[in-house]
Amino acid sequence: MGRIDFSEKLKRQIAATGPISVAHYMGQANAHYYATRDPLGAAGDFTTAPEISQMFGELVGLWLADLWIRAGRPDGACYVELGPGRGTLAADALRAMKAAGLTPPVHLVETSPVLRAAQKERVPDARWHDDVDTLPEDRPLLIVANEFFDALPVRQLARMPGGWCERMVGIDDGAFMPGAGPLVPDNLIPPHLRHAPVGSVLETSPASVAIMRALSERIAGQGGAALIIDYGHERTSIGDTLQAVRGHAYADPFANPGEHDLTVHVDFEALGDAARAGGARVSPVAAQGAFLTAMSIDLRAAALSRAAPARAGEIETARSRLVAPEQMGTLFKAMALTAPAWPEPLGF
């Protein structure tokens with residue numbers, strides 16, 4: 001299905017039933033986008049940390065292996081990744097875990113047939129899942145979600161003179177256009193934000209909260225840990241963060257739906273609240289740069305440079321891109337969940 005077909009289908013739907021929520025728009029557009037292409041790399045629309053350097057995945061793998069070792073090396077622990085991209089992070093993490101004595105079975109949560117094919121090349125023995133509900137229920141789970149939650153649909157609630165409204169997407173002169181929809185109850189808005197200025201936008205992600213709650217219940221009941229890395233903010237706050245990226249440049253999120261990546265800034269406070277409600281222990285939020293530095297990325301970069309002196313400049317550029325405050329180091333954040341009986345994680 002091409003771009004025109006998908007856009008026209010969405011326009012027909014809106015013409016027939018009326019404007020749709022931003023969450024509905026974002027969910028449908030991203031489902032089409034990811035199902036029909038590999039969006040990663042120079043030829044794609046964006047690049048993620050695992051594609052920048054092997055160091056990222058290796059340190060994630062060592063983080064998981066360290067926790068597993070200090071938890072007493074429990075039998076049957078599984079590696080689980082949500083939205084694994086091309087499988088690059090999984091391959092690098094598994095290699096590092098193997099060096100530490102951990103060779104877990106691999107479970108990947110991915111719906112895109114295009115990306116599943118890429119993952120199979122790098123992690124051929126994996127098992128795939130459409131969602132977290134079918135993950136193993138009888139063993140510890142070692143879970144990674146890197147740039148997963150930012151692509152999940154959000155509701156946008158807008159402060160209007162008469163109260164808070166659901167933001168909807170309709171059609172105006174043949175183009176998709178956001179606008180105010182029905183009023184929503186005040187109890188959907190955190191008390192300290194209810195009297196925000198007119199024009200303010202609050203984003204909430206019921207899908208993210210539901211997945212985080214389910215993961216934390218699994219971890220609390222089965223043992224294990226989860227590492228969440230994404231760009232976002234530590235506290236629930238006001239702001240319209242919906243953006244589109246195409247060809248490594250920003251695009252209009254309401255033009256050509258299904259042809260670019262739609263993302264939002266992740267609300268780590270909401271994720272943490274959901275995880276605690278599910279029974280997991282939640283770490284403080286750390287900046288990605290601080291986390292990777294605590295996990296000795298500098299030592300790993302130095303070792304790689306010694307092994308391949310001709311690549312020393314490239315390795316240093318990648319390290320800086322991952323940790324420098326003006327690049328990914330501060331905007332991207334990390335949060336850990338652990339089972340109550342498991343040890344405290346490194347890096348937090």
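The set of residues in the stretch 143-164 being within 20 Å of Gly27 (Cβ to Cβ) and among the aliphatic types (A, V, I, L, M) consists of Ala145, Ala151, Leu152, Val154, Leu157, Ala158.
Condition test on Leu115, is it closer than 18 Å to Thr48 by Cα, among the hydrophobic types (A, V, I, L, M, F, W, C), outside any loop (DSSP other than H, G, I, E, B) and under 15 Å from the mean Cα position of the chain (by Cα)? Against the criterion (closer than 18 Å to Thr48 by Cα, among the hydrophobic types (A, V, I, L, M, F, W, C), outside any loop (DSSP other than H, G, I, E, B) and under 15 Å from the mean Cα position of the chain (by Cα)), Leu115 does not qualify. Residues in the stretch 192-235 that are closer than 20 Å to Val266 by Cα and in a helix (DSSP H, G or I): 13 in all.
Residues that are under 22 Å from Ile52 (Cβ atoms) and β-branched (Val, Ile, Thr) occur at least once in the stretch 271-287.
Take the residues in the stretch 236-266 that are more than 14 Å from Phe46 (Cα to Cα) and in a strand (DSSP E or B); name whichever of them is nearest to the chain's Cα centre (by Cα). I'd like the intermediate steps shown before the answer.
The initial filter retains those residues of the stretch 236-266 that are more than 14 Å from Phe46 (Cα to Cα), namely 236-242, 252-258, 264-266.
Next, only the ones that are in a strand (DSSP E or B) stay: 238, 266.
Details: Ile238: 20, Val266: 8 Å.
Selected residue: Val266.
Residues of the stretch 187-216 that are charged (D, E, K, R) and surrounded by fewer than 17 Cβ atoms within 10 Å (Cβ to Cβ): Arg194 alone. Remark: pairs (first residue in the stretch 219-239, more than 12 Å from Val144 (Cα to Cα) and modelled with pLDDT of 95 or more; second residue of a type in the set (Gly, Ala, Ser) and part of a strand (DSSP E or B); Cβ separation under 9 Å; 6+ apart in sequence or on different chains) = Ile219/Ala225; Ile219/Ala226.
For beta carbons closer than 6 Å, sequence separation of 6+ or different chains, a first residue in the stretch 133-148 that is under 27 Å from Pro39 (Cβ atoms) and a second that is of a type in the set (Lys, Arg) and buried (at least 20 other Cβ atoms within 10 Å of the Cβ), the qualifying pairs are Leu141/Arg218. Hey, Arg37 hits all of (1) more than 29 Å from Leu299 (Cα to Cα); (2) not in a loop (DSSP other than H, G, I, E, B) but one; which does it fall short on? Every condition holds for Arg37 apart from (2).
Just to be sure, is Ala339 crowded, with 21+ Cβ neighbours inside 10 Å, more than 17 Å from His233 (Cα to Cα) and of a type outside the set (D, E, K, R)? Taking the combined requirement at face value, the residue satisfies it.
Under the condition of being in contact (Cβ under 8 Å) with a residue 24 or more places away in the chain and either closer than 20 Å to Gly27 by Cα or not aliphatic (A, V, I, L, M) (or both), the residues counted in the stretch 175-188 number 6. Modelled with pLDDT of 95 or more, among the polar types (S, T, N, Q) and over 22 Å from Ala31 (Cβ atoms): is that true of Thr103 in this structure? The answer is yes for Thr103.
The residues listed here are Leu108, Leu89; of these, the one that is under 17 Å from the mean Cα position of the chain (by Cα), modelled with pLDDT of 95 or more and assigned to a strand (DSSP E or B) is Leu108. In the set (1) farther than 30 Å from Ile171 by Cβ; (2) surrounded by 20 or more Cβ atoms within 10 Å (Cβ to Cβ), Gly258 fails one condition alone, (1).
Residues being farther than 14 Å from Tyr231 by Cα, of a type in the set (Gly, Ala, Ser) and either out of contact with any strand residue (DSSP E or B) (no Cβ under 7 Å at 6 or more places or on another chain) or in a helix (DSSP H, G or I) (or both): count how many of those fall in the stretch 271-289.
If we filter the stretch 271-289 for residues that are farther than 14 Å from Tyr231 by Cα, which is where we start, we get 272-284.
Restricting the remaining residues to those that are of a type in the set (Gly, Ala, Ser) gives 272, 274-275, 277-280, 283.
Those left that are additionally either out of contact with any strand residue (DSSP E or B) (no Cβ under 7 Å at 6 or more places or on another chain) or in a helix (DSSP H, G or I) (or both): 272, 274-275, 277-279.
The number of residues fulfilling the criteria is 6.
Conditions (1) surrounded by fewer than 21 Cβ atoms within 10 Å (Cβ to Cβ); (2) aliphatic (A, V, I, L, M); (3) touching a helix residue (DSSP H, G or I) at 6+ places or on another chain (Cβ under 8 Å), marked per residue:
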| site | (1), (2), (3) |
| --- | --- |
| Lys11 | yes, no, no |
| Gly44 | yes, no, no |
| Glu58 | no, no, yes |
| Ala71 | yes, yes, no |
| Leu82 | no, yes, yes |
| Ala96 | no, yes, yes |
| Val109 | no, yes, yes |
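Is it true that some residue in the stretch 306-317 is surrounded by 20 or more Cβ atoms within 10 Å (Cβ to Cβ) and in contact with a helix residue (DSSP H, G or I) (Cβ under 7 Å, 6 or more places away or on another chain)? Within the stretch 306-317 (the criterion being surrounded by 20 or more Cβ atoms within 10 Å (Cβ to Cβ) and in contact with a helix residue (DSSP H, G or I) (Cβ under 7 Å, 6 or more places away or on another chain)), the answer is yes, since at least one residue qualifies. Please enumerate the residues belonging to the stretch 167-186 that are within 24 Å of Gly239 (Cβ to Cβ), surrounded by fewer than 21 Cβ atoms within 10 Å (Cβ to Cβ) and either touching a helix residue (DSSP H, G or I) at 6+ places or on another chain (Cβ under 8 Å) or of a type in the set (Val, Ile, Thr) (or both). Gly170, Pro178, Val184 - these are the residues of the stretch 167-186 that are within 24 Å of Gly239 (Cβ to Cβ), surrounded by fewer than 21 Cβ atoms within 10 Å (Cβ to Cβ) and either touching a helix residue (DSSP H, G or I) at 6+ places or on another chain (Cβ under 8 Å) or of a type in the set (Val, Ile, Thr) (or both).
The values are calculated or read from the model by the stated rules, or taken from the named source; none is laboratory data. Please read these numbers as outputs of a predicted model, since none were measured by experiment. Glycine also receives a Cβ, built like all others from the backbone with ideal geometry; neighbour counts cover every protein chain displayed.
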